[in-house]
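Undergrad: Please see the structure below; I have some questions.
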Amino acid sequence: MARAATTSAETLLPLPLQFLAAWIGMWLGEHQARVIEYQRAENAALFERLGKHRLRLTDGERRRLAKLGKALGRKALQQVATIATPDTIFRWYRELVKAKYDGSKKRGPGRPRKAGEIVRLLVEMATRNTTWGYTRLRDALNNLGYKMIGRTTVERILSEHGIEPAPERKRQYSWATFIKAHLGGIAGLDFFTVEVVTVLGLVRYHVLFVIDIGSRMVEVVGLARDPGGEWMKQMGRNLLDGETGFLRGKRYLILDRDPLYTKEFQQMLRGAGVKPLLLPARSPNLNAYAERFVLSIKSECLDRIVPLGERHLRRAIGEYLAHYHGERNHQGLDNVLLKGTPAPANENGRVLRRERLGGLLNYYHRNVA
């Protein structure tokens, strides 16, 4: 499977620079902790000045705190929340979600009120277009025939819904938006492990796979008992091969912080025009498509068999990939098959079952004859 290839000698960062980078990372973490501690102390001092008077928040302020608090999580909220308890903030969030799907106020004959339609459109525009300011949003509404909406009205409506001005929203370019904007040019790389029964007992195999985020197509790049730097360089050559490499035409590759993704491996990617996107530590959800494939192959196949040697493991993975690509409907893609389309249903044809791995994986179709 290995392909001959020549690579230029790669140089590592000098040891002092590595220590400097590590020190900077630790300093930034300590600095952030000091900033949070200062803000908590400052808030406590302000509350002492207020005495027993209850701090009353506007609806817009509650909505904004609810959205930010939900994204932050309960554990982090317990450390930084001072105006309200985490339970209160999460209650605000539940009320926000409930209000979003409450259709009681919209029931009734005829078209919805113009004011409600304007608000809905404005909130959607501001949320989806984070760089649009008040004037741009007003002009977009004018294009739809709402000529009497002023810039001040736009500002007021967004404030009531806890939506920040464009300079603040511009910084909130989400990971999900980035993924959608680069579908077709972005892939994810990840490992999963399998315990295999051998004559030497249980042996852990590492399986390296890559997934195209746009099409959900998956390729197992290789598997090994003890992958290392040289093995990863060979896997990089396979991925970047000009004729059969999975990463042909790709611009980005999502990687976690696994040390197996060595600097030499990442430099190979950059040299071929593929930018590695290193995820923050302990953030598996940012590589959600790869994580979802791992869940699928394990729950549907590997957790339901006992792999008897490497050859059996390779066969099981190969059979599952054939099922995954051509026989399994994918909910994230409107329940289609990744390869090919089912033959037109013939109500008079016999229902046939195609089985793999002794009936562990099944596909049902009608006989077209």
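Undergrad: Kindly indicate which of Arg91, Arg136 is modelled with pLDDT of 75 or more and not assigned by TED's automatic domain parsing to the domain that holds Gly162.
TA: Values: Arg136 fails: not assigned by TED's automatic domain parsing to the domain that holds Gly162.
Criteria check complete, one pass: Arg91.
Undergrad: Residues in the range 234-285 that are in a loop (DSSP other than H, G, I, E, B), at pLDDT below 90 and aliphatic (A, V, I, L, M): how many?
TA: Here the count works out to 2.
Undergrad: Output the qualifying pairs, or none if there are none: Cβ atoms under 6 angstrom, residues six or more apart or on different chains, first residue in the range 183-204 and modelled with pLDDT under 90, second residue assigned to a loop (DSSP other than H, G, I, E, B) and basic (Lys, Arg).
TA: Gly185/Lys250; Gly185/Arg251
Undergrad: Turning to a different aspect of this structure: Taking the criterion of being small (Gly, Ala, Ser) and modelled with pLDDT of 65 or more, would at least one residue in the range 118-127 satisfy it?
TA: Taking every residue of the range 118-127 in turn, at least one turns out to be small (Gly, Ala, Ser) and modelled with pLDDT of 65 or more.
Undergrad: So is Ala288 at pLDDT 90 or above and part of a helix (DSSP H, G or I) or not? I'd like the intermediate steps shown before the answer.
TA: Working: at pLDDT 90 or above: no; part of a helix (DSSP H, G or I): yes.
Considered against the rule, which asks whether it is at pLDDT 90 or above and part of a helix (DSSP H, G or I), Ala288 comes out as no.
Undergrad: Might you let me know whether the range 300-322 holds any residue that is under 21 Å from the mean Cα position of the chain (by Cα), under 26 Å from Lys233 (Cβ atoms) and in contact (Cβ under 8 Å) with a residue 40 or more places away in the chain?
TA: Restricting attention to the range 300-322, the residues satisfying the condition of being under 21 Å from the mean Cα position of the chain (by Cα) are none.
No, because not a single residue in the range 300-322 is under 21 Å from the mean Cα position of the chain (by Cα), under 26 Å from Lys233 (Cβ atoms) and in contact (Cβ under 8 Å) with a residue 40 or more places away in the chain.
Undergrad: Give the residues of the range 205-233 that are of a type in the set (A, V, I, L, M) and either in a loop (DSSP other than H, G, I, E, B) or touching a His at 6+ places or on another chain (Cβ under 7 Å) (or both), sorted by residue number. Please lay out each step first, then the result.
TA: The initial filter retains those residues of the range 205-233 that are of a type in the set (A, V, I, L, M), namely 207-208, 210-211, 213, 217-218, 220-221, 223-224, 232.
Of everything in the range 205-233, those that are of a type in the set (A, V, I, L, M) and either in a loop (DSSP other than H, G, I, E, B) or touching a His at 6+ places or on another chain (Cβ under 7 Å) (or both) turn out to be Ile213, Met217, Leu223, Ala224.
Undergrad: Next up: Take Glu195 and decide whether it is part of a strand (DSSP E or B) and over 26 Å from Ala281 (Cβ atoms).
TA: So Glu195 fails the test.
Undergrad: Which one of these does Gly326 not meet: (1) surrounded by fewer than 15 Cβ atoms within 10 Å (Cβ to Cβ); (2) under 24 Å from the mean Cα position of the chain (by Cα)?
TA: (2)
Undergrad: Residue by residue through the range 241-258, note down the ones that are surrounded by 13 or more Cβ atoms within 10 Å (Cβ to Cβ), within 22 Å of Glu291 (Cβ to Cβ), touching a Lys or Arg at 6+ places or on another chain (Cβ under 9 Å) and not hydroxyl-bearing (Ser, Thr, Tyr).
TA: Within the range 241-258, Arg251, Leu253 qualify.
Undergrad: Mind listing whichever residues of the range 339-360 are under 18 Å from Met217 (Cβ atoms) and either modelled with pLDDT of 85 or more or small (Gly, Ala, Ser) (or both)?
TA: Within the range 339-360, Gly340 is the sole residue that qualifies.
Undergrad: List, please: which pairs have Cβ atoms under 6 Å, are six or more places apart or on different chains, and start with a residue in the range 135-156 that is surrounded by 14 or more Cβ atoms within 10 Å (Cβ to Cβ) and end with one that is not in a helix (DSSP H, G or I)?
TA: Pairs that qualify, where the first residue is surrounded by 14 or more Cβ atoms within 10 Å (Cβ to Cβ) and the partner is not in a helix (DSSP H, G or I), are Arg138/Ile149; Leu141/Ile149.
Undergrad: Filtering the range 125-148 down to residues that are in a helix (DSSP H, G or I) and among the aliphatic types (A, V, I, L, M), which residue is nearest to Ser159 (Cα to Cα)? Before you say what the answer is, go through the steps one by one.
TA: Applying the first criterion (in a helix (DSSP H, G or I)) to the range 125-148 yields 125-128, 134-143.
If we keep only those that are among the aliphatic types (A, V, I, L, M) too, we end up with 125-126, 137, 140-141.
On the way: Met125: 14, Ala126: 11, Leu137: 14, Ala140: 18, Leu141: 17 Å.
Going through the qualifying residues, I end up with Ala126.
Undergrad: Let me ask something else. Just to verify a result, which residue in the range 213-240, among those that are in contact (Cβ under 8 Å) with a residue 24 or more places away in the chain and among the small types (Gly, Ala, Ser), is surrounded by the most Cβ atoms within 10 Å (Cβ to Cβ)?
TA: Once the filter is applied, the top-ranked residue is Gly236.
Undergrad: Further, regarding this structure: Do you know which residues across the range 298-320 are in a helix (DSSP H, G or I) and buried (at least 18 other Cβ atoms within 10 Å of the Cβ)? Steps first, answer last, please.
TA: Here is the first cut: in the range 298-320, the residues in a helix (DSSP H, G or I) are 298-300, 302-304, 310-320.
The answer is Leu302, Leu313, Ala316, Ile317, Tyr320.
The values are calculated or read from the model by the stated rules, or taken from the named source; none is laboratory data. None of these values were measured; they are calculated from a predicted model. All Cβ positions, even for glycine, are placed from backbone atoms using ideal geometry, and neighbour counts span all protein chains on display.
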